[in-house]
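Asker: Can you keep this structure in mind? I'll have questions shortly.
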Amino acid sequence: VQLVESRGGLVQPGKSLKLSCSASGFTFSSFGMHWIRQVPGKGLDWVAYISSSSDTVYADAVKGRFTISRDNAKNTLYLQLNSLKSEDTAIYYCARGGLDYWGQGVMVTVSS
Amino acid sequence: DVVLTPTPPSLSATIGQSVSISCRSSQSLLHNNGNTYLNWLLQRPGQPPQLLIYLVSRLESGVPNRFSGSGSGTDFTLKISGVEAEDLGVYYCVQSTHAPYTFGAGTKLELK
């Protein structure tokens, strides 16, 4: 099982960014997936979940600004981040539904 | 939202010592389906988190059996029976019974 996040980086406040997580080694379409973030040196902060049938759940802090989605044909999970704020600066991890496999994380920095 | 409160926030242990970490939930984590979705994770420095225990007491594959979990309802405990050097890091409880899912603040385990 491997999860590889990509497309982090520096973005200005109010702008958008789309993260992706490429999955391999398991039947991606059969599993729910999470996005979880962590400010460096701080605790874990759950962001969003998408079920195998594409039902979604969001943390209150990101509801209405972030969108989790998946493309089962490409074995890829996405997180669209809109209206970014400085407090969204964090390492973003994707994780399989049972939190049994995690990616290495990608840094998103929101700053002018 | 469910609040998970770990105790203690940090602890020091010697190699071979047994330690316990508590996680108290602001509401029962017993799901309508009869399962209790309380997991324990370990994050070593510079690494993504690793799943140790799921469904309160089930040991994740490949995790040493010196780790054990117990509890029900709102009170849960992770025990390490004989700390080893590789066990150092931050331990998190996480619940996925109630959306939005939530992590505890973490307990940092250091060597004495």
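Bear in mind that the values in this text are calculations on the coordinates, not laboratory data. Because the structure is predicted, anything quoted here is derived from the model rather than measured. With ideal geometry, Cβ positions are generated from the backbone for all residues, glycine too; neighbour counts draw on all protein chains shown.
Asker: Quick one: Karplus J couplings for the range B:63-75, per residue in order, coefficients 6.51, -1.76, 1.60, θ = phi - 60°, nearest Hz, x for Gly and Pro?
Answerer: 8, x, 7, 6, 8, 8, x, 8, x, 6, x, 10, 10
Asker: Could you state the principal axis extents of the C-alpha atoms in the protein assembly as shown, from the largest down, to the nearest angstrom?
Answerer: Over the protein assembly as shown, Cα extents along the principal axes are 49, 40, 34 Å.
Asker: Follow-up. Go from 0 up to the bin containing the longest alpha carbon distance in the range A:1-48, width 10 Å each, and give me the % of pairs per bin.
Answerer: Over the range A:1-48, the share of Cα pairs per 10 Å bin runs 19, 44, 30, 6 percent.
Asker: In whole angstrom, how long is each semi-axis of the equivalent ellipsoid of the range A:47-93, when you take the square root of 5 times every eigenvalue of its Cα gyration tensor and sort them from largest down?
Answerer: Semi-axes from the Cα gyration tensor: 20, 12, 9 Å.
Asker: When all C-alpha to C-alpha distances in chain A are sorted into bins of 10 Å, what percent of pairs does each bin hold, rounded to whole numbers?
Answerer: Final binned percentages: 16, 52, 28, 4, 0.
Asker: Please report A:Trp35, A:Trp46 as a ranked list, fewest other C-beta atoms within 10 angstrom at the top and most at the bottom.
Answerer: A:Trp46, A:Trp35
Asker: Among B:Arg24, B:Arg44, which comes first, second and so on when ranked by fewest other beta-carbon atoms within 10 Å?
Answerer: Placing the least packed residue first, the sequence is B:Arg44, B:Arg24.
Asker: So for chain B, Kirkwood radius off the Cα pairs, Stokes-Einstein at 4 °C and 1.567 mPa s: how many µm² s⁻¹?
Answerer: Stokes-Einstein gives a translational diffusion coefficient of 93 µm²/s.
Asker: Between A:Gln104 and residues 5 or more places away or on another chain, which pairs have amide H atoms under 5 Å apart, with H built 1.01 Å from N, and which residues are they?
Answerer: For A:Gln104, whose amide H was placed from the backbone, the distant partners under 5 Å are A:Glu5.
Asker: Which of the residue pairs A:Lys15/A:Lys42; A:Lys42/A:Lys63; A:Lys85/B:Lys79; A:Lys18/B:Lys79; A:Lys85/B:Lys112; A:Lys18/B:Lys108 have a Cα-Cα distance greater than 30 Å in the structure shown? Don't jump to the answer; show the numbers that get you there.
Answerer: On the way: A:Lys15/A:Lys42 24 Å; A:Lys42/A:Lys63 22 Å; A:Lys85/B:Lys79 39 Å; A:Lys18/B:Lys79 39 Å; A:Lys85/B:Lys112 40 Å; A:Lys18/B:Lys108 32 Å.
Checking Cα-Cα distances, A:Lys85/B:Lys79; A:Lys18/B:Lys79; A:Lys85/B:Lys112; A:Lys18/B:Lys108 exceed 30 Å.
Asker: Share of Cα-Cα pairs in the range B:56-98 beyond 14 Å, in percent? Don't skip to the end; give the middle numbers.
Answerer: Working: 495 of 903 pairs.
So the portion of pairs separated by more than 14 Å is 55 percent.
Asker: May I pose another question? What list of ³J(HN,Hα) couplings, whole Hz, do you get for the range B:48-53 from phi and the Karplus terms 6.51, -1.76, 1.60, once you set θ to phi - 60° and write x for glycine and proline?
Answerer: Whole-Hz 3J(HN,Hα) from phi for the range B:48-53: x, x, 10, 6, 9, 9.
Asker: Using a 10 Å cut-off around each Cβ, can you sort B:Thr36, B:Thr14 from fewest to most neighbouring Cβ atoms?
Answerer: Final ranking by Cβ density, sparse to dense: B:Thr14, B:Thr36.
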